[in-house]
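Asks: Have a look at this one before I ask anything.
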Amino acid sequence: MSEEFFWWTDPQKAIYKEVRVFVEENFEEAEEYFWSTKFPWPLVKKVAKKGYFGAGVPKEYGGLELGATGSCIVAAQLGRLYAVGHVFTVSMLAGLEQVLRFGTEEQKKTWLPKIASGEELGALCITEPFAGSDAANVFTSAIKDGDEWILNGKKRFITGAGVSDRYFIYAKTSDDKAIRKQYGHITAFMVEKGRPGFSLEKINPLIGFDNVPNGYIDFDHVRIPDFNRIGAVGNGWNVMMSGLNFERLIGAAVFSGLFEDVINLLFHFTKRRVQFNRTTNQFPGIQDGIAEIITKSKVSRLYSYHCAKLLDDGKEPMVEASIAKMINTEYARDIGLKAIQILGGDGLTKFLPAERILREAKIGEIVAGTNEVQKMIIYRFSAMLPFYNKPMRLRWNDKVNAPIISSKESQFKGLDLTEENVLKVISHDYKINPGLYMTPDDVREDIGGSRSELRKIFEQLEEQGLIVTHRDRSGKIALVKSTYEGLQKAFPKEYYQWFPAWYDNADKF
Ligand SMILES: Cc1cc2nc3c(=O)[nH]c(=O)nc-3n(C[C@H](O)[C@H](O)[C@H](O)COP(=O)(O)OP(=O)(O)OC[C@H]3O[C@@H](n4cnc5c(N)ncnc54)[C@H](O)[C@@H]3O)c2cc1C
């Protein structure tokens, strides 16, 4: 069975094989750092020496140029080394996409080789005490002073706080209400550790991330040169959004390697655990559980690499990145819970890596935009897509004496645009969709005419109590339907009646 996908390039396939070997050689060392709750500096240095931090960095800036797909391949494997995976991930997120897309050539030459070499770690700083899901509501301010910016404020929940040298931050550069409304009040900056006034405030004791520092940082009149501004002043929201698709994808991919380790563990364990004189892998419930985990592992992996390919092809897979992030973290939670159940009491101990996945999953469901926020993105962006907004009108079909989905013209098309005919159109719709309103465009599609003519007729019919309208926030008519009086005026009662062929006439009244 090949674990490589056919669309991967040869260098991507090669790095997959190489990083797997690297991870397996260093597995034990990673576990030692996990148990001693020590940041795995020596292991991070080894990863850096291999050049893996440069997976997504173009060759001209010292990277491996393996794109989003290559970054996912490396993240998925390094995720098996626990803290190393997280550090690898945030270090790339702290500038790679943002500098590549918005940086000047000089900025690219300054920071991309540093990201690629992994000599310095990076941290991504969006969240603040009062700005979480509402990431645009940043309070950290940046005020221009000659050729410099002065930063004031706090960021929190920053992964890699303290151990990182580079902090990619978003600060407010305008309080103008009109500018804020257009999301033009945010600007992106790179801040290096060691600048006067820049300090570490707190390290969080967390449910997971056992040996990865995560904490608060403080900017007290921190001066940085204008050179450290990434993108135009006020363009920070776009810089942030461009980084987020990549961030969500990599944050999702980092779980895939762990899923495979858990599957291995479950096969190993259940072939050796005997209860009721049978190995537990013979119990159908255990087999079902492992099958479910394998299914989720494969689906999440496939979806992540599909999304990575879209990114590599230059697309903006906003919905796909949110889906990848959401399903991988939800699957991680399900897999963690199921694996613990299959392992029994042993699964609850830290000796086996199942409980770790569960704790990591809970973090995953909150970081990089909570899964509720991902659902919001998936809904809102999909609702705008033409793909999901194709016409789907039901029309009455005399042959089958029922409403069926049809692209045929309405029977009312071409009639004069009078109150009487418009009322007929709206009332006829009751026969087809008794519980639905029509949009003004539905009515227009059926009978023709201009929007303004129709609006006037709607208002007149409403005044006479023959239709009701549903208006949007601006007061514009968004939906219409006939009232009881309207239905009576448009057609006789029999027009709306419908009975199946088997229904006894004697029972009709
Ligand atoms: C371990 C860890 C590592 C992190 N690493 C980083 C990092 O490196 N850099 C960084 O900048 N941040 C980081 N974060 C912060 C993380 O991105 C935020 O915690 C996350 O975006 C949620 O913000 P919040 O915690 O303020 O929750 P809130 O925004 O206060 O949300 C609380 C609840 O309200 C819900 N909610 C909020 N708004 C809506 C809405 N409009 N509709 C429906 N529900 C809503 C949320 O889904 C959630 O359930 C990290 C967090 C953790 C725990």
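The values are calculated or read from the model by the stated rules, or taken from the named source; none is laboratory data. Bear in mind that the values here come from a model prediction, so they are computed numbers and not experimental data. A quick note on method: Cβ atoms are made from the backbone with ideal geometry, for glycine too, and the neighbour counts reach across all protein chains shown. SASA here: full protein model, heavy atoms, side chains in, ligands and nucleic acids out. Shrake-Rupley method; radii C 1.70, N 1.55, O 1.52, S 1.80 Å.
Asks: With a 1.4 Å probe and every protein chain left in place, work out the accessible area per residue of the chain in Å², rounded to a whole number.
Replies: Per-residue value: 50 Å².
Asks: Arranged from highest to lowest average of other beta-carbon atoms within 10 Å per residue, in what order do the peptides 153-159, 500-506, 215-221 appear? Don't skip to the answer; put the middle values down first.
Replies: Numbers: 153-159: 22.1, 500-506: 6.6, 215-221: 18.4.
Top to bottom by mean Cβ count within 10 Å: 153-159, 215-221, 500-506.
Asks: Now, a different point. From Cα coordinates alone, what are the radius of gyration and Dmax values for the chain in angstrom?
Replies: Looking at the chain, its Cα Rg and Dmax stand at 29.7, 92 Å.
Asks: Where the accessible area of the chain is counted over protein heavy atoms with a 1.4 Å probe, how much of it, in %, is carbon and sulfur?
Replies: On the way: 14030 of 25330 Å².
Ligands and nucleic acids excluded, carbon and sulfur reach 55 percent.
Asks: Run the Debye formula on the Cα coordinates of region 278-393, all scatterers equal and no solvent, and tell me log10 I(q)/I(0) at q = 0.19 1/Å.
Replies: -1.02
Asks: Could you list the residues of region 148-169 with an amide nitrogen less than 19 Å from a label point located 7 Å from the Cα of I203 in the Cα-to-C-beta direction?
Replies: Hits in region 148-169 for I203 at 19 Å: 155-167.
Asks: Treating region 165-291 as a set of equal point scatterers at the Cα positions, no solvent, please give the Debye-formula log₁₀ I(q)/I(0) at q = 0.23 Å⁻¹.
Replies: -1.29
Asks: Sort all Cα-Cα distances of region 1-60 into consecutive 5 angstrom bins from zero, then give the percent of pairs in each bin up to the one containing the longest distance.
Replies: 4, 15, 22, 20, 16, 12, 8, 3, 0
Asks: Report, to the nearest 10°, how far helix 41-50 tilts away from the longest principal axis of the Cα atoms in the chain, using its own Cα long axis and a range of 0 to 90°.
Replies: 80
Asks: Next question, about the same structure. In Å and whole numbers, how far do the C-alpha atoms of region 10-141 stretch along each principal axis, longest first?
Replies: 45, 37, 22
Asks: Over what distance in Å are the Cα centres of region 400-447 and region 17-74 separated?
Replies: 62
Asks: For region 151-195, what is the convex hull volume of its Cα atoms per residue in Å³? Walk me through the numbers on the way to the answer.
Replies: Values: hull volume 3.8 nm³, N = 45.
So the per-residue hull volume is 84 Å³.
Asks: Next up: Please give the peptides 298-306, 467-475, 381-389 ranked by average Cβ packing (other Cβ atoms within 10 Å per residue), highest first, as a rough proxy for protection.
Replies: Numbers: 298-306: 19.2, 467-475: 12.0, 381-389: 9.7.
Going by the mean number of other Cβ atoms within 10 Å, highest first, we get 298-306, 467-475, 381-389.
Asks: Kirkwood Rh, Cα Rg: Rg to Rh for region 357-509?
Replies: Numbers: Rg = 21.2 Å, Rh = 18.5 Å.
Here Rg/Rh amounts to 1.15.
Asks: Now a separate question. Per residue of the chain, what 222 nm ellipticity follows from adding -39500 (n - 2.57) for every DSSP H run with n ≥ 4, rounded to the nearest 500? Could you put the intermediate results ahead of the total?
Replies: Numbers: 18 runs with 243 residues, N = 509.
When only DSSP H runs of four or more count, the value is -15500 deg cm²/dmol.
Asks: Something else about it: Of all the stretches in the chain, which is the longest one without any exposed loop site, taking GluC sites (Glu not before Pro) in a DSSP loop (any state but H, G, I, E, B) with at most 12 other Cβ atoms within 10 Å?
Replies: Values: sites that count: E3, E409.
Answer - 4-408.
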